[in-house]
Structures are given as C-alpha cells and as structure tokens.
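The values are calculated or read from the model by the stated rules, or taken from the named source; none is laboratory data. Keep in mind the model is a prediction, meaning the values are calculated, not measured. When we count neighbours, we look across all protein chains shown, and the Cβ atoms used for this are built from the backbone with ideal geometry, even at glycine. Each accessible area value is taken on the protein alone, full model and side chains, heavy atoms only, with ligands, DNA and RNA left out. Shrake-Rupley method; radii C 1.70, N 1.55, O 1.52, S 1.80 Å.
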Amino acid sequence: MILQQLINGIVIGSVYALIAMGATLVYGILKVLDIANAGAYAIGAYAGLFLYQATGSLPVAFLGAVLFTGLFGVLVQRVLYVPLLDKPPLVPLICSIGLFIFIQDLIRLLAGPHIRAFEAQLPFRGIELPYLSVNAIWIAIMATTAVLLVFLWYMLNRTKLGLAWKSTAQDLEIAKAMGVNVDRVVAFNFLLGYGFAAAAGIMIGMLYNSVFPTMGDMPAYKMLAIIVLGGLGNPLGTVVAGLLIGVVETLVAGYVGFFLPRDAIAFVVLIVILLVRPQGLLGQRT
Amino acid sequence: MRTTRYLAVLVLMFALTLLVAGCGGGGQDTAAEGPIKIGFFAPLTGPAAADGDSVFKAAQLAVAKINEQGGINGRQVELVHYDDGLDTKQAVSIAQKLTTKDNVVAVVSGSYSGTTRAAAPIYQEAGIPMISAYAVHPDITRAGDYIFRQSFVGLVQGKAAGKVAVEMLDARRISILHIDNDFGRTLATSFQEKAEELGAEIVSVDSFAFGEKEFTPVLAKIKQLNPDLLYMPAYAGEGAQIVRQAKDLNLDIQILGTEGIDSTLQFLGVAKEAAEGVIITTNLNRDSEREIVQDFIAEYEEQYGHKPDMVAASTYDAFMVLFHVIEQKGADPEAIRQGLAELKNFEAVTGVITGYNELGEVQKPVQVQIVRDGEFHYFGEITDPDIITPPNE
C-alpha cells in the first residue's frame with residue numbers, strides 16, 4: 001500500500017510542479033504573481049479537449065493546445081503586463097486576478113457550465129499487480145512531466161536563450177543595457193509559462209476525465225504555496241516543492257484521513273518549512 | 001475647491017440613487033393585475049453552475065408550459081430569477097430584493113443548503129412562501145411556517161439508504177465516504193444510525209472537501225478494510241471520481257450513492273462504465289409509467305437535448321405545486337402558504353406528494369435507482385412510513 005500511495009503522490013506532485021512552473025517562470029522574470037496562469041490551465045484543458053475531438057490525435061491535440069495557450073500568454077504579457085510593469089506590484093497582481101475571473105466566466109459562457117468528459121485512448125496499457133495498480137494515464141503524466149522538465153532544464157542551462165533568461169531574471173535593466181533582447185526573453189517566458197500550465201491542464205483533464213470552467217480554482221491558490229515553498233522564482237525549487245506537496249498530501253490523506261481539506265495540507269507544509277527555512281526550499285537568502 | 005468637487009459628486013450620487021430607486025418603485029401597484037411574479041434563485045455561476053443550469057432550464061420549462069396553457073386563471077406567470085453564485089451573502093441580498101422590490105408572491109430555491117438556509121429567514125420574515133427544491137439541510141424549514149421543502153430532508157434519505165444497504169443489499173461491513181458539508185454530514189449521520197440499528201457494522205467514516213478530485217489514497221485505505229458496501233453521499237463531480245478511482249484500484253464493492261450524483265451529464269457522462277451497478281437513493285423514478293413523469297422527461301429532452309436529472313425534476317415540481325395552489329387559492333402570499341400547508345395527494349414528477357407536515361417537510365416515497373447500460377433504472381422504492389415520514393420538529 002505504501003508503494004501505491006507513493007506513486008499516486010508522485011503523479012499528483014508532477015502535475016503540481018507543472019502547474020506552478022508557469023507562475024515561477026513569470027515571477028522569476030517580471031516579479032509578478034501571475035494568478036491568471038491558473039486560467040491558462042483551464043484554457044489548455046479546453047483547447048486540448050476540442051482539438052482531440054476534432055482531430056482524434058492526442059499528440060496533435062496536446063502540442064496544439066500548448067502552443068495555442070502559450071501564444072495566448074504572449075498576448076497577455078504584451079497587452080496587460082508590460083504596460084503595467086512600472087506600476088506598484090499590487091497593480092499587475094489585481095490585474096491577473098481580474099483576468100483569471102474573466103477567463104473562467106468566458107469559458108463558462110462559451111462552453112457551458114457542465115463537466116465535459118475527456119476520454120483519451122492511450123496507445124499502451126497500465127500495470128496491474130495484485131497490490132499495485134498504475135494506470136496508463138499515470139505513466140503518461142510522469143513521463144510527459146519528466147520530458148518537459150528536462151527540456152526546460154536544457155533550455156535554461158545549455159542555450160543562449162537560457163543565459164538571456166537568467167540575466168534578465170537577475171536584473172532586467174542591466175540585461176537590457178548589456179544588449180539582451182529583453183522583450184523577446186519576456187515573450188518567450190510567457191510562451192513557456194502558459195504552455196506548461198496548458199500541459200498540466202490537459203493531463204489533469206485526462207486523469208479525472210473531466211474538464212470544467214472552474215477547474216483553475218485549485219491551482220490558483222495551490223501554485224502560490226508551491227512557488228513560495230520552492231523559493232519564489234526558482235524552477236528547480238518548484239519541482240521539488242510540487243513533488244513534496246503531492247506526496248505529503250497523499251500520505252496524510254491515506255494514513256491520517258482527510259482531517260483537513262487536502263488543500264489545507266499544502267499550506268501547513270508551507271508554514272512548517274518557512275519556519276525552518278524562510279527563503280524556501282532552494283531559495284537563496286538575500 | 002476640493003470640497004466643492006466632493007460635494008458635487010456626493011449630490012450627483014445621491015440624485016442617481018433616487019432615480020434608480022424611483023424606477024424600481026414604479027411597479028408597486030401593478031401587483032394585483034398583470035403577470036403573477038414568482039421568484040427564483042440558483043447558482044448559475046461558480047462551482048455549482050452545472051446544477052444551476054439544470055434547475056434554471058426546469059424552471060423556464062415549467063413557466064413556459066403554464067403560460068402556453070393560458071396561465072393561471074387567465075394571468076400569465078413571470079419568472080423573476082437571480083444567480084446566487086453559491087454565495088450565501090448573495091442569496092441573502094437576492095432574498096431582500098425579491099421580497100422588497102420585485103413583488104413576487106412566492107419563491108422557489110433552486111440552490112444548495114448553505115444559500116437556501118441563509119435566505120429562508122428573510123422570506124419567513126417577509127411572509128413570502130418559499131419552496132426549497134432540493135436542498136436537504138433540516139434547518140431550512142425550521143425558519144418558519146412559510147418555508148416548505150420539495151425533496152426529502154437529509155434524515156429521510158439517510159435512513160432510507162440505511163435500509164437499502166442492510167436489507168436490500170445485505171451489507172454487513174460498511175465504509176462511509178462523505179462530502180464535508182451540510183449535505184454530506186446530515187446523510188452520513190442518519191445513514192450510520194439506521195444501518196447500525198439494522199445490525200450492520202460501520203468500519204470507516206471518511207470525509208472530503210467540496211471539489212476534491214483525488215480519492216486514491218482514501219480508497220486504497222478502504223480497500224484494505226475489505227467492507228462489502230461503500231456509502232457515498234457526494235455530488236456528481238466528486239462522486240464520478242470516486243467510482244472511477246475505485247475501479248482503477250480494483251475495489252470491487254457495491255457503491256451506494258445519493259441524489260447528489262443523480263445527474264446524467266455530470267455523473268454518468270464522466271464516470272461512464274465505472275458507474276455501472278452503482279445504486280442511488282433519489283426522488284426521480286425514470287422508469288415510472290405515470291404519464292406526468294414520461295411527459296416531463298420527453299419535454300425536457302426535446303427542449304434541451306439531454307435527459308433531466310433529480311435537481312431539474314425537483315425544481316419543476318416545486319413550480320407545479322405552486323401553480324396548483326395559486327390556481328386553487330389565488331395569487332396572494334398568505335393564501336399560497338395556506339394552500340401549501342393543506343395540499344393533499346398531489347401528483348408530481350418526483351412521486352405522489354402525500355402532503356407537507358407542520359414543519360413544511362414533504363412526504364413521498366424514496367426511489368432506489370441502479371445504473372444499467374449508462375442510464376438510471378428502477379431498483380426499488382422505500383415506502384415504509386417510519387422511514388419516509390419526515391420529522392415534525
């Protein structure tokens with residue numbers, strides 16, 4: 001049973017990591033807490049579902065939805081965040097909350113309030129043992145998350161673009177003065193950030209066979225716990241924090257019971273860890 | 001200079017308030033003539049928007065139908081509807097609006113327990129009868145004699161489920177997994193009492209928050225306890241995940257649900273094959289041969305393209321009862337209240353309503369339905385008076 005619970009925790013944790021990665025990337029560069037990233041999660045799920053129904057091909061639906069949502073992210077930063085950058089941080093925060101509510105209600109008006117089933121046929125089968133069952137979607141989620149995270153690591157650490165990202169994250173003005181094309185870095189950042197959220201949305205939609213307008217509610221606040229725990233804007237920290245929270249939640253729910261709502265557990269973990277490490281798991285003391 | 005400007009703005013705002021208030025007051029004396037106004041509130045947005053959508057469709061269908069037949073005693077019916085967003089504060093301000101500004105003669109709640117419970121005292125205070133279509137919390141009707149309930153109080157349904165589990169399904173060891181709100185707690189407690197009284201053992205009780213999607217941990221725990229039945233008071237969204245994840249874990253036990261998962265789109269549509277064999281207690285018997293049931297199902301499906309669920313049927317019935325009473329007694333709130341209290345053996349979609357008791361609780365049989373081939377079908381009916389008679393206080 002412990003193995004079953006651990007695997008389950010890792011699956012949930014991988015999705016958390018992806019959900020929070022979008023917001024981490026945005027925070028890393030712009031220092032804006034992007035709540036609307038949870039809206040991108042719902043947009044991605046709907047786009048994936050509609051594309052899958054239209055084409056019948058999962059890879060096409062997945063890549064198409066990620067690209068679509070990523071481009072939506074680029075639009076959002078051009079139209080909303082960049083013009084607000086010189087305002088106090090509260091202004092873009094409120095703007096992102098407004099955008100999040102707008103996205104949810106727009107989806108409800110366009111697609112209706114009902115839960116839609118996202119039934120995807122995977123080309124392989126799950127593992128069935130007497131005391132352990134790992135279904136195909138879990139395997140797909142762990143594999144996809146791993147691929148996306150390795151891709152992100154490679155981008156950030158082994159490419160010129162990654163170097164530009166890091167310098168922009170350290171100091172936007174200086175990077176600009178040094179000749180880094182900051183506008184492009186920021187746009188690319190949103191493309192990735194919203195794309196990651198979309199990927200998480202599609203996978204959660206498939207995992208629970210349900211896509212609905214308010215599906216972004218949970219990630220909207222849980223990603224806050226995860227990115228703070230991971231050390232605000234630190235991609236690796238976000239992965240560790242996502243996995244940690246996924247596993248802790250699952251173990252607590254399995255062995256202690258839902259004595260607290262599952263979502264409260266994330267914040268209890270956050271409080272405990274911040275008491276010991278105020279800078280977050282992998283954050284640097286400044 | 002500044003003060004003058006503030007003053008000017010203040011005066012302007014005040015004038016605007018008067019203007020708006022004046023517009024609203026215009027309808028005052030048309031109450032005796034013109035259409036009969038019936039108030040309605042439901043969660044059209046927010047986390048319960050799907051149920052809100054279902055009940056709003058049912059309300060519109062009921063009103064359209066009566067108006068097609070020429071209205072009530074020659075007067076058309078007008079639906080004054082609001083969206084409460086599943087927010088108790090919103091439900092309260094809607095109640096204030098409906099009772100003070102809209103001149104409605106009666107109100108139907110198409111909302112959940114929390115919102116309906118918060119609004120009930122306001123309708124009571126204003127002397128406007130309210131029928132709660134499907135909210136189950138006992139406190140709703142306790143607000144007073146103007147408040148009625150169209151579905152079973154939680155206690156009745158929980159007790160009925162206890163009998164279904166132990167006597168019809170022969171369960172001896174039972175696990176309970178309920179949603180942690182008014183609805184889930186009321187059902188779980190009354191179920192447990194009845195099941196234990198009938199000799200079953202409750203081996204575990206777990207609860208989860210509204211909106212929870214991940215049940216594998218708790219189901220893995222339940223699997224180890226090896227019960228022969230899982231009682232699951234949950235809504236469709238969570239219920240669908242529980243039955244799917246139980247299947248993924250090969251947890252091969254009978255699942256007994258409630259009217260909370262009586263939903264074609266939200267439960268059957270998401271759970272698919274995993275829902276096969278699930279049994280629920282509800283108030284809508286789809287296989288009933290009574291004409292009114294088949295007509296309602298056919299009309300609803302023709303109008304909206306999908307089959308109605310329990311919340312839609314209950315809401316439709318609340319309107320039908322109101323129309324009937326208004327026809328008999330006239331469109332006056334006090335007369336409607338009296339008519340509801342005296343109602344006897346009314347033929348409704350959700351069963352024959354024997355009547356409402358002093359508290360305003362409905363008495364009708366509890367339906368037991370089973371999922372076969374992706375649809376709810378008749379499995380049984382609980383008519384024992386000691387179970388379906390609602391409490392009087």
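Of A:Ile97, A:Ala146, A:Met178, which is farthest on the positive side of the dipole of segment A:11-217, counting Cα position, with +1 on Lys and Arg Cβ, -1 on Asp and Glu Cβ, and the Cα centre as origin?
Checking the options against the dipole of segment A:11-217, the answer is A:Met178.
Amide H to amide H under 5 Å from B:Val107: which residues, 5+ apart in sequence or cross-chain, H placed 1.01 Å off N in plane?
For B:Val107, the qualifying residues are B:Gly39, B:Met130, B:Ile131.
Using the Cα centre of the protein assembly as shown as the reference point, and only Cβ charges (+1 on K/R, -1 on D/E), how large is the resulting charge dipole? Debye, rounded to the nearest 20.
With only Lys, Arg, Asp and Glu charged at Cβ, the dipole is about 3260 debye.
Tell me the accessible surface of B:Glu347 in square angstrom (1.4 angstrom probe, heavy atoms of protein chains only), to the nearest ten.
B:Glu347 has an accessible surface of roughly 90 Å² with all protein chains in place.
Can you list residues from other chains, or at least 5 along the same chain, whose modelled amide H is less than 5 Å from the amide H of B:Tyr82?
B:Phe40, B:Phe41, B:Ala42
Give me the percent of DSSP beta bridges within the protein assembly as shown that run antiparallel, rounded to the nearest 5.
In the protein assembly as shown, DSSP labels about 40 percent of beta bridges as antiparallel.
Roughly what would the spin-label model give for A:Asp105 and A:Val256, points 7 Å off Cα along C-beta, in nm?
Those two pseudo-labels are separated by 3.8 nm.
Residues in segment A:213-251 near a label at A:Met1, defined as backbone nitrogen under 19 Å from the 7 Å Cα→Cβ point?
The answer is A:247-251.
Select from B:Phe267, B:Gln369, B:Ala209 the residue farthest towards the positive end of the dipole of chain B; place +1 on Cβ of Lys and Arg, -1 on Cβ of Asp and Glu, and compute about the Cα centre.
Most positive-ward Cα: B:Ala209.
Evaluate the charge dipole of chain B about its Cα centre and quote only its size in Debye, nearest 20, assuming +1 on the Cβ of each Lys and Arg and -1 on the Cβ of each Asp and Glu.
Approximately 1180 debye in magnitude.
Scan around B:Leu229 for amide H atoms under 5 Å from its own, H built in the peptide plane at 1.01 Å from N, and keep only partners 5 or more places away or cross-chain.
B:Arg173, B:Ser175
Mind listing the phi-derived Karplus ³J(HN,Hα) values for segment B:174-185, rounded to whole Hz, using 6.51, -1.76 and 1.60 with θ = phi - 60°, and x for any glycine or proline?
Each residue's phi maps through the Karplus curve to give 10, 9, 10, 10, 10, 6, 8, 8, 3, 4, x, 5 Hz.
With a Förster radius of 45 Å, plug the Cβ-Cβ distance of B:Glu358 and A:Asn181 into 1/(1 + (r/R0)^6) and report the FRET value to the nearest 0.05.
0.05
Once Lys and Arg get +1 and Asp and Glu get -1 on their Cβ, which of B:Tyr112, B:Gln69, B:Tyr300 lies farthest toward the positive end of the dipole of chain B?
B:Tyr112
Give, in nm to one decimal, the length gained when the segment between A:Lys166 and A:Leu93 is fully stretched (0.36 nm per residue of separation minus the Cα-Cα distance).
24.0 nm
Distance between Cα centroids, segment A:212-246 to segment B:58-112: provide it in whole Å.
42 Å
How do A:Arg78, B:Arg286 rank by accessible surface area computed with a 1.4 Å probe, from largest to smallest?
These residues rank, largest area first, as A:Arg78, B:Arg286.
Assuming R0 = 51 Å, can you tell me the calculated FRET efficiency for the pair A:Leu75 and B:Lys344, based on Cβ-Cβ distance, to the nearest 0.05?
Approximately 0.20, to the nearest 0.05.
Pairs of Cα atoms under 8 Å, at least six residues apart: use those to get the relative contact order of chain B, whole percent.
Rounded, it is 15 percent for chain B.
Averaged over B:43-49, how many beta carbons belonging to a partner chain fall within 10 Å of each residue's beta carbon?
The mean count of partner-chain Cβ atoms within 10 Å per residue comes to 5.
Which ³J(HN,Hα) values, rounded to whole Hz and listed in residue order, are derived for segment B:59-75 from phi using the Karplus coefficients 6.51, -1.76 and 1.60 in 6.51 cos²θ - 1.76 cosθ + 1.60 with θ = phi - 60°, glycine and proline given as x?
5, 5, 4, 4, 5, 4, 5, 5, 5, 5, 7, x, x, 9, 6, x, 9
Just round it to a whole percent: the fraction of Cα-Cα distances in segment A:11-217 exceeding 28 Å.
The answer is 30 percent, as a whole percent.
Which whole-Hz couplings ³J(HN,Hα) result when phi for each residue of segment B:351-356 is put into the Karplus expression 6.51 cos²θ - 1.76 cosθ + 1.60, θ = phi - 60°, listed in order with x for Gly and Pro?
Once rounded to whole Hz, the list reads x, 7, 7, 5, x, 9.
Under a Cβ-only charge scheme (Lys and Arg +1, Asp and Glu -1), can you give me the dipole magnitude of segment A:11-217 about the Cα centre, in debye to the nearest 20?
Charge dipole of segment A:11-217: 340 debye, to the nearest 20.
Relative to a virtual label point 7 Å from the Cα of A:Tyr221 in the Cα→beta-carbon direction, which members of segment B:197-217 show backbone nitrogen distances below 20 Å?
From segment B:197-217, the list is B:207-215.
Using a simple spin-label model with points 7 Å from Cα along the Cα→Cβ vector, what separation in nm is obtained for B:Glu197 and A:Val272?
It works out to 4.2 nm between the two label points.
Can you compute the modelled spin-label distance between A:Leu67 and A:Tyr131, with each label point 7 Å from Cα toward Cβ, in nm?
4.7 nm
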